[in-house]
Amino acid sequence: MTAAPIRAALFDMDGLMLDTERIACRAWHDAAGQLGITLADEVVLGMVGMHSSKVDAWLISQLGDDAPIHLLREATHERYLQLTEGAIPHKPGLIALLDWLKAQGLPIGVATSTRRSIAEHHLKAAGLWPYFAFAVCGDEIEHPKPAPDIYLKAAGLHGVPPQDCVVFEDSNFGVRAGHSADCRVIMVPDLRQPTPETLALGVAVVPSLVEGLQLLASWQGEA
């Protein structure tokens, strides 16, 4: 069955547009090493797409009540800022996708769990900021992903019903948020593959934004 055309596009940022998740993982491991903490890869990967308000509880569940979570968070933040001083690489196919959306006259927004100060810095440093009509950031919503709030707010700013928006996401948390908001979701996995629960939602999964553009063009009747 041919999918109905979409009227607006919403993008996650970390791991979807910018290759930041690998940098964040390195920051966690570097900070843990400085503090003499053993941090397994699965503990770090479990935080991919997770809102900052959920991180402490996750770390306590994995490291125990006595772990110096506050110190670890601070050290990780400082290391992340060091590692992201310059422009962060774009993910493959991003610019072609954004240019295509612009050529179609479709409004584009950002919906990221990252707080605004960091999100704006990254997007401006990467030369991406002019593409977007707006950004909704993690410090501007009450209920983070996987709740639908951020995508409902973003669709409202577009003035487009959620079901007429396409959401591009890389994380399972983000996919659940977009799906719960009744948006059309295209998942482009980064560090974590879709879980069985994510696949059960019936969302589209593609290997990169290159294929994401191809799929979206087919939805718009251009394939």
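No lab work stands behind these numbers, since they all come straight from the coordinates. All values reported here derive from a predicted model rather than from experimental measurement. Cβ: placed from backbone, ideal geometry, glycine included. Neighbour counts: every protein chain shown.
Principal axis extents of the Cα atoms in the range 25-79, from largest to smallest and rounded to whole angstrom, are 23, 22, 18. With respect to the chain, whose longest principal axis is taken over its alpha-carbon atoms, helix 209-219 is tilted by about 30°. Here is how the number arises for the chain: DSSP H runs of 4 or more residues each give -39500 (n - 2.57), the sum is divided by the residue count, and the result at 222 nm is -13000 deg cm²/dmol. On a 0 to 90° scale, report how tilted helix 69-83 is relative to the longest principal axis of the chain, with both axes built from alpha carbons and the result rounded to the nearest 10. That helix lies at roughly 60 degrees to the long axis. Amide H contacts for Phe134 (H built 1.01 Å from N in the peptide plane; partners 5 or more residues away or on another chain; cut-off under 5 Å): Val110. Inter-label distance, Gln104 to Leu71: 5.1 nm, where each label sits 7 Å from its Cα along the C-beta direction. Computed from Cα positions, the angle between helix 52-63 and the longest principal axis of the chain comes to roughly 50 degrees.
What does the charge count near Ala154 come to, summing +1 for each Lys or Arg and -1 for each Asp or Glu among other residues with Cβ under 11 Å from its Cβ? Result for the local shell: -2. The structure-derived value of volume of the Cα convex hull per residue in Å³ appears in the list (i) 133; (ii) 166; (iii) 112 under the label (iii). Couplings 3J(HN,Hα) of the range 182-192, computed from phi: 6, 8, 7, 10, 10, 9, 10, x, 10, 7, 10 Hz, in residue order, whole Hz [Karplus 6.51 cos²θ - 1.76 cosθ + 1.60, θ = phi - 60°; x for Gly and Pro].
Remark on Asp19: its backbone amide H falls under 5 Å from those of Lys91, a criterion applied only to residues 5 or more positions apart or on other chains, H modelled at 1.01 Å from N.
According to the Cα-based calculation, Rg over Rh for the range 1-98 is 1.09, with Rh computed by the Kirkwood formula. Given springs between every Cα pair under 10 Å in a Gaussian network model of the chain, which of Pro92, Pro196, Pro162 has the largest fluctuation? Taking springs between Cα atoms under 10 Å, the residue moving most is Pro196. Looking only at Ile37, Ile108, Ile186, which one moves most when the chain is put into a Gaussian network model with springs between Cα atoms under 10 Å? So, out of Ile37, Ile108, Ile186, the one fluctuating most is Ile37. Model label points for Leu199 and Glu211, set 7 angstrom from Cα along the Cα-to-Cβ axis, are 1.3 nm apart.
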